[in-house]
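K.L.:
Here it is: the structure, laid out below.
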Number of protein chains: 2
Amino acid sequence: MRIGIVAPARAITPEAAARVQAFAAITFPQVDVVVHPQCFLEAGHFAGTDAQRAAAFLEFANDPGFDAIWFARGGYGSNRILGTVLPQLNRAAAAKAYLGYSDMGFLLGALYARRIGRQVHGPMPIDVGRSDGGASVGRALAWLVNRDAHVLEPNLDGRPAAAFNLAILEALVGTPWLPDLTDHVLYVEEVSEAIYRIDRMMFTVGNATQLHGLAGIRLGQVTDVPENGEFGETLDEIMTRWAGVLGVPYLGRAAIGHAAGNMVVPFGAG
Amino acid sequence: MRIGIVAPARAITPEAAARVQAFAAITFPQVDVVVHPQCFLEAGHFAGTDAQRAAAFLEFANDPGFDAIWFARGGYGSNRILGTVLPQLNRAAAAKAYLGYSDMGFLLGALYARRIGRQVHGPMPIDVGRSDGGASVGRALAWLVNRDAHVLEPNLDGRPAAAFNLAILEALVGTPWLPDLTDHVLYVEEVSEAIYRIDRMMFTVGNATQLHGLAGIRLGQVTDVPENGEFGETLDEIMTRWAGVLGVPYLGRAAIGHAAGNMVVPFGAG
């Protein structure tokens, strides 16, 4: 099995890439993890220019020699290549898995909207830097290599699912890049956003015309919340309010997020 | 003429309210500026509970004794009362002007979507705290009282216009609270957001199905941008890119924003 790593948003260091490859060589010796050199480029905020990031993604996605694309890290920027890459994906791209989270939700969402490949929300190579003994990256590899059910988010119940960082979901709402999530359980998570912003993003979700017909909403981890005074409502109250406006059940918390406990959520019926 | 001040988001102090009333008494002695006591309530993040803020807005908006509603300040929270207040507005509410900016874009947008009253993007009572000799609040009063054309944003050219804080616009996109802006020049401004977030919000604008048919986009002031490394593009480049994706012209900069130079933009044809 061959897994290709590209970075459609921000760069990783060669050291982080080498660590992931070493980890994979020890834990899944049958797997070849190939890191595209684009992952180390720097152009302003991004891992290379839009053209460089798009070209690297297309090169690996369209190569039938790869079984999966593992996104190196989030940050910001994968939305800027959607218009370029989506129309150029071939049959080999449609046969692949795509795994990542955070900003990669733009690509996962757009690929799912067009039913190109299998999209998976889960840990990325950058997570090798977590002090979790490799659990995060091991979880992503265990899913890609073995479809190991132990790494799945424990609330998955057979209904179709999709998972997004809330800010990325808000950015997708109102655009054709948002997939049809009718009958899906929607998982959201957030990092480094004040509670009033989470409430504001959930206003958009709760009022989104495109999201009528969800089976329910779950909230993952909300971490590194900046101090901003007392908001006056708990996260569960916020979620209950806006899910109610949308007319779908709030199903409670979930094990996804920008933290060590980021379990795997395959898009669709899994 | 009577102008009513309410606070659908965050509170102001009695001192700020008194200062605005004193300023109005000196500069426009024929005008009665009435401050609803709800403006001073505190409930978590907000100027009173959702019910209290909705009730104060409805009380003044539905009162034929007021000619205009002047929103006290932004912050966050006016979106939380839209579903309650919009269906309860009467004929007196439809005869009024509504003036504010920032978070008040939720109310201005929703009122404009339902063609209730005349919506105006401009300075608020909280701006009495700016060291601009009262120019900001004077500008708002000059429009409400005299329709003084000198306070209008200088690029207004007779085509219909609308103005929003970009984060509020992003939150509205994809919801039925966003008005139909076909053939409008859209003004946006932003404060305290990193450049990558402005780019991300403009991705949503540039891809928003609801915003096809704009006459063009203008960018107001972008102030208090947090340091976040080199992005790699100027604001004009960002605007040009996403306006191009939407297929509408980027018309350049404009004199609105969270700063002293916040000129008046009446929604619609003015």
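K.L.:
Rank-order A:146-155, B:139-148 by packing density, defined as the average count of other C-beta atoms within 10 Å over each peptide's residues, highest first.
P.N.:
Top to bottom by mean Cβ count within 10 Å: B:139-148, A:146-155.
K.L.:
Between helix B:14-27 and chain B, what is the angle of the helix's C-alpha long axis to the longest principal axis, kept within 0 to 90° and rounded to the nearest 10?
P.N.:
The helix B:14-27 is inclined about 90 degrees to chain B.
K.L.:
While we're looking at this one, here's another question. Using helices alone, I'd like the mean residue ellipticity at 222 nm for chain B: each DSSP H run of four-plus residues gives -39500 (n - 2.57), total over residue count, nearest 500.
P.N.:
Dividing the helical sum by the residues of chain B leaves -9500 deg cm²/dmol.
K.L.:
Follow-up. What does the net charge come to around B:PHE71 if you take all other residues with beta carbon closer than 13 Å to its beta carbon, with K and R at +1 and D and E at -1?
P.N.:
+2
K.L.:
Also, I was wondering about something else. What is the average number of partner chain Cβ atoms found within 10 Å of a Cβ in A:241-250?
P.N.:
Average neighbour count from other chains, rounded to a whole number: 1.
K.L.:
Taking the Cα centre of chain B as origin and charging only Cβ (+1 Lys, Arg; -1 Asp, Glu), how large is the dipole, in debye to the nearest 20?
P.N.:
Approximately 780 debye in magnitude.
K.L.:
If contacts are Cα pairs under 8 angstrom and at least 6 residues apart, what is the relative contact order of region A:2-151 in percent?
P.N.:
Numbers: 299 pairs, mean separation 37.2, N = 150.
RCO, region A:2-151: 25 percent.
K.L.:
Tell me which B residue has its C-beta closest to the axis rotating B onto A, and the distance in Å?
P.N.:
B:GLY174, 1
K.L.:
Continuing with the same structure: If amide H atoms are built 1.01 Å from N in the plane of the peptide, which residues on other chains or at least 5 residues away come under 5 Å of the amide H of B:TYR187?
P.N.:
Under 5 Å from the amide H of B:TYR187: B:ALA162, B:ALA163, B:PHE164, B:ARG218.
K.L.:
Something else now. Between beta-carbons, use under 11 Å as the cut-off and find the net charge around B:GLU189, counting Lys and Arg +1, Asp and Glu -1.
P.N.:
-1
K.L.:
Something else now. Counting Lys +1, Arg +1, Asp -1, Glu -1, what net charge surrounds A:PHE46 among other residues with beta carbon under 12 Å of its beta carbon?
P.N.:
Once all neighbours under 12 Å are counted, the net charge is -2.
K.L.:
How about region A:10-68: which GluC sites (Glu not before Pro) there lie in a loop by DSSP and see at most 14 other Cβ atoms within 10 Å?
P.N.:
Of the GluC sites (Glu not before Pro), the ones in loops of region A:10-68 whose Cβ has at most 14 other Cβ atoms within 10 Å are A:GLU42.
K.L.:
Tell me, what HN-Hα J-couplings in whole Hz come from the Karplus equation 6.51 cos²θ - 1.76 cosθ + 1.60 at θ = phi - 60° for each residue of region B:132-143, using x for Gly and Pro?
P.N.:
Going residue by residue, I get 10, x, x, 4, 5, 5, x, 5, 5, 5, 4, 6 Hz, with x marking Gly and Pro.
K.L.:
Taking chain A as the reference, fit the longest principal axis to its C-alpha atoms, fit the long axis of helix A:195-207 to the helix C-alpha atoms, and give the angle between the two in degrees, 0 to 90, nearest 10.
P.N.:
80
K.L.:
What number results when the radius of gyration of region A:161-266, computed over Cα atoms, is divided by 2.2 N^0.38 Å?
P.N.:
0.99
K.L.:
Let me ask something else. If you fit an axis through the alpha-carbon atoms of helix A:50-61 and take the longest principal axis of the Cα set of chain A, what angle between them do you get, 0 to 90°, nearest 10?
P.N.:
70
K.L.:
Compute the Rg to Rh ratio over chain A from the alpha carbon atoms, using the Kirkwood formula for Rh, and round to two decimal places. Mind dumping the intermediate values first?
P.N.:
On the way: Rg = 17.6 Å, Rh = 18.5 Å.
Rg divided by Rh gives 0.95.
K.L.:
Across peptide B:196-208, what mean number of C-beta atoms from other chains lies inside 10 Å of a residue's C-beta?
P.N.:
Mean partner shielding for this stretch: 5.
K.L.:
For chain A, what is the relative contact order in percent, using Cα pairs closer than 8 Å and at least 6 residues apart in sequence?
P.N.:
17
K.L.:
Would you tell me the mean number of C-beta atoms belonging to other protein chains that fall within 10 Å of each C-beta in B:163-172, as a whole number?
P.N.:
Mean inter-chain Cβ contacts per residue within 10 Å come to 3.
K.L.:
Let me ask something else about it. Once you sort the root eigenvalues of the Cα gyration tensor of region A:74-136 as a ≥ b ≥ c, which label holds: rounded (a/c under 1.5), prolate (a/b larger than b/c) or oblate (the other case)? Each step should come with its number before you reach the end.
P.N.:
Numbers: a/c = 2.86, a/b = 1.77, b/c = 1.61.
Prolate.
K.L.:
If the chain between A:ALA43 and A:ASP148 were fully stretched, how many nm would it gain, using 0.36 nm times the residue separation less the Cα-Cα distance?
P.N.:
34.1 nm
K.L.:
Non-local amide H neighbours of A:VAL35 (under 5 Å, H modeled in plane, Pro and chain starts lacking H): which ones?
P.N.:
A:ILE5
K.L.:
How long are the semi-axes of the ellipsoid equivalent to the protein assembly as shown, from square roots of 5 times the Cα gyration tensor eigenvalues, in whole Å, largest first?
P.N.:
On the way: eigenvalues 414, 111, 76 Å².
Taking √(5λ) for each eigenvalue gives 45, 24, 19 Å, largest first.
K.L.:
Okay, next question. Using the crude model of +1 on Lys and Arg Cβ and -1 on Asp and Glu Cβ, and no other charge, please compute the dipole size for region A:161-266 relative to its Cα centre, in debye to 20.
P.N.:
240
K.L.:
Provide the per-residue ³J(HN,Hα) series for region A:110-126, in order, calculated from phi with Karplus coefficients 6.51, -1.76, 1.60 and θ = phi - 60°, each as a whole number of Hz, with x at glycine and proline positions.
P.N.:
5, 5, 5, 4, 9, 6, 9, x, 10, 9, 9, 8, x, x, 10, x, 4
K.L.:
Under the classification rounded if a/c is under 1.5, otherwise prolate if a/b is larger than b/c and oblate if not, where does region A:2-151 fall, given a ≥ b ≥ c as square roots of the Cα gyration tensor eigenvalues?
P.N.:
oblate
K.L.:
Can you list the residues, at least 5 places off or on another chain, whose amide H is less than 5 Å from the amide H of A:ARG147, using H built in the peptide plane?
P.N.:
Here the answer is none, since no amide H 5 or more places off falls under 5 Å of that of A:ARG147.
K.L.:
Step through the residues of region A:181-193 one at a time and calculate ³J(HN,Hα) from phi using the Karplus curve (6.51 cos²θ - 1.76 cosθ + 1.60, θ = phi - 60°), rounding each to whole Hz and writing x for Gly and Pro.
P.N.:
Once θ is set to phi - 60°, the couplings for region A:181-193 become 10, 3, 6, 8, 7, 9, 9, 10, 8, 8, 9, 6, 10 Hz.
Here, each number is a calculation from the coordinates, and none is a lab measurement. Worth saying up front: this structure is predicted, and the values here are computed from it rather than measured. Backbone-built Cβ (ideal geometry, glycine too); neighbour counts: all protein chains shown.
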